[in-house]
Amino acid sequence: MTSLARLLSDHANRERDPIDNPLLPAWGYSICNHGTRSKNSYLHEGLPWGTVSAEILQPSKKVFWYAYGWPCGQQPEYSDQLFQENSWGKFVPFGFTDGESAEQDTTVLTTIDGEITPFGLQNQTDQQPATANVS
Ligand SMILES: [Zn+2]
């Protein structure tokens, strides 16, 4: 699990300025993408692009590993990097079922601010969270 967490926390080319990205301006270049316009304000029509969260599915163990925010756990540099101030910096394991219950097709594990819901707490597994330990 740690190797997948490390992969999703990759910062290759992080030194490049996201504004220069020809595909989507303000979109960073790494997998753990800290997209920014280097501003503390933003226009809705000009939002930067970047990683919001990261997920790993482990079907053999029926575990959904979820990292709210950037999986690297670094703090945002600018306020246009939305929701990153609460990044967990680790993958938290949640159990899931085979989907036998058709009535419950949506589960809410966290709030939009990254707080784990009571349902999420009930479904956390006893496995240790996975971290990438990146710089
Ligand atoms: Zn990162």
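The values are calculated or read from the model by the stated rules, or taken from the named source; none is laboratory data. All of these numbers come straight from a predicted model, not from anything done at the bench. Positions of Cβ are backbone-derived with ideal geometry, glycine not excepted, and every protein chain shown enters the neighbour counts.
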Taking first residues from the stretch 33-54 that are closer than 16 Å to E85 by Cβ and second residues anywhere that are within 12 Å of the ligand (Cβ to nearest atom) and outside any loop (DSSP other than H, G, I, E, B), the pairs with Cβ under 7 Å that are 6 or more apart or on different chains are S53/A67
Taking the criterion of being under 22 Å from I112 (Cα atoms), without any contact (Cβ under 8 Å) to a residue 60 or more places away in the chain and away from the ligand (no atom under 12 Å from the Cβ), would at least one residue in the stretch 66-77 satisfy it?
yes
Within the stretch 81-117, residues modelled with pLDDT of 75 or more, of a type in the set (S, T, Y) and assigned to a loop (DSSP other than H, G, I, E, B) come out as S87, T106, T107, T111, T117
Filtering the stretch 1-16 for residues that are free of Cβ contacts under 8 Å to residues at least 12 places away in the same chain and more than 30 Å from K61 (Cα to Cα) leaves a count of 1
Subset of the stretch 61-80, residues modelled with pLDDT under 90, more than 18 Å from S9 (Cα to Cα) and out of contact with any Lys or Arg (no Cβ under 6 Å at 6 or more places or on another chain), comes to S79
_S30 - would you say it is in a loop (DSSP other than H, G, I, E, B) and surrounded by 14 or more Cβ atoms within 10 Å (Cβ to Cβ)?_
yes
How many residues of the stretch 37-60 are more than 12 Å from the ligand (Cβ to nearest atom), modelled with pLDDT of 90 or more and not hydrophobic (A, V, I, L, M, F, W, C)? The answer is 4
Over the stretch 67-90, the set of residues among the aromatic types (F, W, Y) and surrounded by fewer than 22 Cβ atoms within 10 Å (Cβ to Cβ) is Y78, F83, W88
| query | Yes or no: I56 surrounded by 14 or more Cβ atoms within 10 Å (Cβ to Cβ), within 24 Å of Q122 (Cβ to Cβ), of a type in the set (V, I, T) and out of contact with any Lys or Arg (no Cβ under 6 Å at 6 or more places or on another chain)? | reply | yes
Condition set buried (at least 18 other Cβ atoms within 10 Å of the Cβ) and in a helix (DSSP H, G or I), scope the stretch 7-27, selection modelled with the highest pLDDT: answer is L8
